[in-house]
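Asks: Below you will find the structure I want to go over with you.
The values are calculated or read from the model by the stated rules, or taken from the named source; none is laboratory data. In this text the structure is predicted, and so the values were computed from the model without any measurement. Note that each Cβ is placed from the backbone with ideal geometry, even for glycine, and that neighbours are counted across all protein chains shown. The area values use the complete protein model at the heavy-atom level, side chains included, leaving out ligands, DNA and RNA. Shrake-Rupley method; radii C 1.70, N 1.55, O 1.52, S 1.80 Å.
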Number of protein chains: 2
Amino acid sequence: MTEDRGLDRAVGWFRQQPNMAERFAIAIRRSFDEVFDGQRTGRYSLDQLSKVEKTYVGTKVEIIVQAEFGLRRGHRMDYLVAGEEVDAKWSMRSGGWMIPMEAVGELCLCITADDAKSTFSVGLVRAQSGRLRSSRNQDKKRRLNDEGMSAMAWLERDGLLAENLLLHLDAERRSAILYYSLSGQGRVNQLFRKVHAQIIQREVVLTVAQQDDGPKRVRDARKHLQPEGILILGHQGNHPRIAEALGLATPAKGSWLASRVTETTRIGPGSIEIEGKNWRLADRSDPVGPGPHSY
Amino acid sequence: MTEDRGLDRAVGWFRQQPNMAERFAIAIRRSFDEVFDGQRTGRYSLDQLSKVEKTYVGTKVEIIVQAEFGLRRGHRMDYLVAGEEVDAKWSMRSGGWMIPMEAVGELCLCITADDAKSTFSVGLVRAQSGRLRSSRNQDKKRRLNDEGMSAMAWLERDGLLAENLLLHLDAERRSAILYYSLSGQGRVNQLFRKVHAQIIQREVVLTVAQQDDGPKRVRDARKHLQPEGILILGHQGNHPRIAEALGLATPAKGSWLASRVTETTRIGPGSIEIEGKNWRLADRSDPVGPGPHSY
């Protein structure tokens, strides 16, 4: 095996970055979400994108990774990493990166992710000619061959990508939420009616609402769902304390969590007093009844 | 001339929309700004985009126009407008719209804009075969011929697109502002040092700062530029009153305006009292001196 100091320097630089893997994950999640443009289009899946948009995902990943790691533009390639020219390459699947003529012999930062499996991988490889397949596409780009894939210095392999909530919902709940003849508010109500005990990010609310003011729609959903005993907890006021008492995850700013509660006489762990009454999480056998008004 | 009721219905629908032209202008401005992604890339010009991004501008225009006018997706074409199938077509220049096979005979919403001239145009035309050139590009798309261009029902022609401030600055001031070795704060200081008496949008500050927190950078610039007598006015507190007294435009929320002031003994129109001193706009002949600290 031959030495490649440039590769070592670039790999070393990335490995020294605090929370490197998490930051790649954030960059990829954001890239997908920005190209979905859920607030305007209601889309939540790569399958819903046009061909142009699928290509543009790679551009967005390149831009966001550069900004996230504060990289300078390269002279020949996309980035300068520890003084080394590095080209950013995106593909929807591992090994699918297309290396153009001008990147042959250069360091390539190969990025891929699978939104269905909620995983992503990032590696660095020097795209020497011997590591590329002989077949070319119409743009004369070539994929890595087995030797190229073996030479990949993985920075992260099958790391955790933040889950795409709408993509992972069962089809029944998803269509109950995204039902087109509902208003934006109606869809947000459905979201918090159907998805419980699970953190819901602002991006999901915007995609469901297809409106600017997600937080306002959430506040209104709180009123609409009170008769059904559904609490919608955010990060503010008593909410973290309520979430903790009920044994639920605590939403960070810009995220929410819904759950159905019912009155209980048992005071103690798993229950919380709100408006002078005692509440616990409801289960399927509990009849539907009103929840607290203000919390 | 043959009747085209579908065209009339679609044209009529758009013409009935409140502030129709302004909303197209906003949609186009936003499309450019979102694809520039100035906050992450520092870019401000279509010339700085890659080929993929230039193509994607058309997708973004299609998406934002749909959201802006609350249009439903068509079955065959992009939109349903007053029940008519309408395809959205973007081109960087008037007449450049490429009509694909599947849109021949259909209504096309043809959109173009010139960021250098700060103009945009939108028209509707039925892309009948006889209105298309015979030559095709590699994707078998055809442009409108003279008859097609004559048949265009213009909704707006050379309407006003919000000015792209950085694009329109003289090269000297622009490079003084975007000088790469300055920090983000340093570049924002330069922006308010070099651009006076002109509304500066949040988007411009973000592009110059290449950081999240534009407003914070503006607040800090206020302190940094106080010794040079430069005021930076926003929409809050006394600022509108100060702007008015000095004869300047009043910035709306998310925009700012800078100007250099100097002490004056003359009280009256064109002057304003701040911190017990009287101030007027400085001109080139006024020596550089400190401005008010808090306003």
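Asks: I'm checking my understanding of the structure. Among residues of region B:163-183 that are in a loop (DSSP other than H, G, I, E, B) and farther than 26 Å from B:Arg93 by Cα, which one is most open to solvent (accessible area, probe 1.4 Å)?
Replies: Here the residue is B:Tyr180.
Asks: While we're here: When you scan region A:65-162 for strands (runs of 3 or more DSSP E) that lie fully inside it, which ones turn up with 3 or more residues that are free of Cβ contacts under 8 Å to residues at least 40 places away in the same chain, surrounded by 19 or more Cβ atoms within 10 Å (Cβ to Cβ) and within 14 Å of another protein chain (Cβ to nearest Cβ)? Break it down into steps so the answer makes sense when it comes.
Replies: Working: elements: A:79-81, A:84-91, A:107-114, A:119-126, A:153-160.
Because the criterion is at least 3 residues that are free of Cβ contacts under 8 Å to residues at least 40 places away in the same chain, surrounded by 19 or more Cβ atoms within 10 Å (Cβ to Cβ) and within 14 Å of another protein chain (Cβ to nearest Cβ), the strands (runs of 3 or more DSSP E) in region A:65-162 that meet it are A:84-91.
Asks: Just checking, which of B:Gly12, B:Gly6 is open to solvent by 20 Å² or more (accessible area, probe 1.4 Å), touching a residue at least 40 places away in the same chain (Cβ under 8 Å) and either more than 23 Å from A:Phe36 (Cα to Cα) or within 14 Å of chain A (Cβ to nearest Cβ) (or both)?
Replies: B:Gly12
Asks: What about B:Val104, is it out of contact with any Lys or Arg (no Cβ under 6 Å at 6 or more places or on another chain), of a type outside the set (S, T, N, Q) and under 26 Å from B:Gln211 (Cα atoms)?
Replies: Criteria not met by B:Val104.
Asks: Could I ask something else about it? Could you say whether any residue in region B:211-234 is over 27 Å from B:Ala176 (Cα atoms) and open to solvent by 30 Å² or more (accessible area, probe 1.4 Å)?
Replies: Within region B:211-234, none of the residues are over 27 Å from B:Ala176 (Cα atoms) and open to solvent by 30 Å² or more (accessible area, probe 1.4 Å).
Asks: Looking for something of a type in the set (D, E, K, R), closer than 21 Å to B:Val205 by Cβ and outside any helix (DSSP H, G or I) - is there at least one such residue anywhere in region B:252-262?
Replies: yes
Asks: Taking the stated definitions as given, is A:Asn278 open to solvent by less than 50 Å² (accessible area, probe 1.4 Å), out of contact with any Lys or Arg (no Cβ under 7 Å at 6 or more places or on another chain), free of Cβ contacts under 8 Å to residues at least 24 places away in the same chain and outside any loop (DSSP other than H, G, I, E, B)?
Replies: It is true that A:Asn278 is open to solvent by less than 50 Å² (accessible area, probe 1.4 Å), out of contact with any Lys or Arg (no Cβ under 7 Å at 6 or more places or on another chain), free of Cβ contacts under 8 Å to residues at least 24 places away in the same chain and outside any loop (DSSP other than H, G, I, E, B).
Asks: Here's something else I'd like to know. Kindly list the number of the only condition in (1) in contact (Cβ under 8 Å) with a residue 60 or more places away in the chain; (2) farther than 29 Å from B:Ser45 by Cα that fails for B:Leu167.
Replies: (2)
Asks: Among the numbered conditions (1) in a helix (DSSP H, G or I); (2) within 20 Å of the chain's Cα centre (by Cα); (3) under 19 Å from A:Gly291 (Cβ atoms); (4) polar (S, T, N, Q), tell me where A:Gln198 comes up short.
Replies: (1)
Asks: Exactly one condition in (1) part of a loop (DSSP other than H, G, I, E, B); (2) open to solvent by less than 50 Å² (accessible area, probe 1.4 Å); (3) on the phi < 0 side of the Ramachandran plot; (4) among the small types (Gly, Ala, Ser) is not met by A:Gly268; state its number.
Replies: (3)
Asks: Among the residues of region A:99-144, what is the count of those that are among the acidic types (Asp, Glu) and either in contact with an Asp or Glu (Cβ under 6 Å, 6 or more places away or on another chain) or at pLDDT below 95 (or both)?
Replies: Matching residues across region A:99-144 total 2.
Asks: Is it the case that some residue within region A:184-192 is open to solvent by 70 Å² or more (accessible area, probe 1.4 Å) and either within 30 Å of A:Gly105 (Cα to Cα) or of a type outside the set (A, V, I, L, M) (or both)?
Replies: The answer is no; no qualifying residue exists.
Asks: Please state which one of A:Glu273, A:Glu244 is assigned to a strand (DSSP E or B) and without any contact (Cβ under 8 Å) to a residue 12 or more places away in the chain.
Replies: Working: A:Glu244 fails: assigned to a strand (DSSP E or B).
After applying the criteria, what remains is A:Glu273.
Asks: For region A:208-233, which residues satisfy the criterion of being touching a residue at least 24 places away in the same chain (Cβ under 8 Å) and in a loop (DSSP other than H, G, I, E, B)?
Replies: A:Gln210, A:Gln211, A:Asp212, A:Gly229
Asks: Related question: Step by step: first the residues of region A:27-63, then only those that are within 11 Å of chain B (Cβ to nearest Cβ) and not in a helix (DSSP H, G or I), then the one that is farthest from the chain's Cα centre (by Cα). Which residue is that?
Replies: A:Ser50
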